[in-house]
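The values are calculated or read from the model by the stated rules, or taken from the named source; none is laboratory data. From a predicted model like this one, the values you see are computed outputs, not experimental measurements. Here the Cβ positions follow ideal geometry from the backbone for every residue, glycine too, while neighbour counts run over all protein chains shown.
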Amino acid sequence: MPLILGLDPSLSCTGWGVIRAEGARLVHVANGQVPTDAKAPMAQRLAHLQAALAEVIATHRPDRAAAEEVFVNKNAQSTLKLAQARGCVLAACGAAGLDVNEHAARLVKKAVVGTGAADKRQVQAMLAVLLPGVKIAGADAADALAVAIADAHLG
């Protein structure tokens, strides 16, 4: 019964979600978001992100983690910021000795909804079906739970 930490890296607000996979059954454990202060220096934002995720990992003690693969924006500056945040996310997992599986956004949507072209609304609707009664902390946490669910299915 692996405990899976799903991660949706972002510099502005990284989402996280923890589920337990019990065979085909999925159980929600926790979810949340780690926002950073856009006015703070980059080094402080990254340090805050890494420390907050280290605390999530220490609290929930997942068996493995899964993160959405980086995608390239048309805006190179946005892609660079995403890559830096993603590096912090991976470093926090690596420091805790967690293996991290990486999944493309389209694959995550397909695993959760059945189509890689699903929109955020459809993903969130399926989360309510797959994790009955779950209270989701926000859109970034929902994306992270979707990554965890996809990882449970794709293993």
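Which one of ALA125, ALA148, ALA152 is among the small types (Gly, Ala, Ser) and either closer than 16 Å to GLN33 by Cβ or part of a loop (DSSP other than H, G, I, E, B) (or both)?
Criteria check complete, one pass: ALA148.
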Within the range 13-24, identify whether any single residue is surrounded by fewer than 21 Cβ atoms within 10 Å (Cβ to Cβ), more than 13 Å from the chain's Cα centre (by Cα) and in contact (Cβ under 8 Å) with a residue 40 or more places away in the chain, and answer yes or no.
yes
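From the list ALA58, ALA83, ALA52, exactly one residue is assigned to a helix (DSSP H, G or I), touching a strand residue (DSSP E or B) at 6+ places or on another chain (Cβ under 6 Å) and without any contact (Cβ under 8 Å) to a residue 40 or more places away in the chain. Which is it?
Details: ALA58 fails: touching a strand residue (DSSP E or B) at 6+ places or on another chain (Cβ under 6 Å); ALA83 fails: touching a strand residue (DSSP E or B) at 6+ places or on another chain (Cβ under 6 Å).
The conditions single out ALA52.
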Residues of the range 34-60 being in contact with a Leu (Cβ under 8 Å, 6 or more places away or on another chain) and surrounded by fewer than 12 Cβ atoms within 10 Å (Cβ to Cβ), in sequence order, are none
When you go through (1) within 14 Å of VAL147 (Cα to Cα); (2) in contact with a Leu (Cβ under 7 Å, 6 or more places away or on another chain); (3) of a type outside the set (Gly, Ala, Ser) one by one for GLU69, which number turns out not to apply?
(2)
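Those residues that are at pLDDT 95 or above, touching a helix residue (DSSP H, G or I) at 6+ places or on another chain (Cβ under 8 Å) and not basic (Lys, Arg), I need them from the range 57-73; list them, please.
Filtering the range 57-73 down to residues at pLDDT 95 or above leaves 57-67.
This time we only want the ones that are touching a helix residue (DSSP H, G or I) at 6+ places or on another chain (Cβ under 8 Å), so: 57, 64-67.
Matches in the range 57-73: ILE57, ALA65, ALA66, ALA67.
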Residues satisfying the stated conditions in the range 88-132, i.e. touching a residue at least 24 places away in the same chain (Cβ under 8 Å) and loosely packed, with under 14 Cβ neighbours inside 10 Å
ALA95, ASP99
If the requirement is being loosely packed, with under 14 Cβ neighbours inside 10 Å and touching a residue at least 40 places away in the same chain (Cβ under 8 Å), which of these qualifies: PRO2, PRO9?
PRO2
Candidates GLY116, GLY138, GLY97 - the one that is over 16 Å from the mean Cα position of the chain (by Cα) and on the phi > 0 side of the Ramachandran plot:
GLY97
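Given the options ALA92, ALA137, name the one that is assigned to a helix (DSSP H, G or I) and modelled with pLDDT of 95 or more. Spell out the reasoning first.
Details: ALA137 fails: assigned to a helix (DSSP H, G or I).
Criteria check complete, one pass: ALA92.
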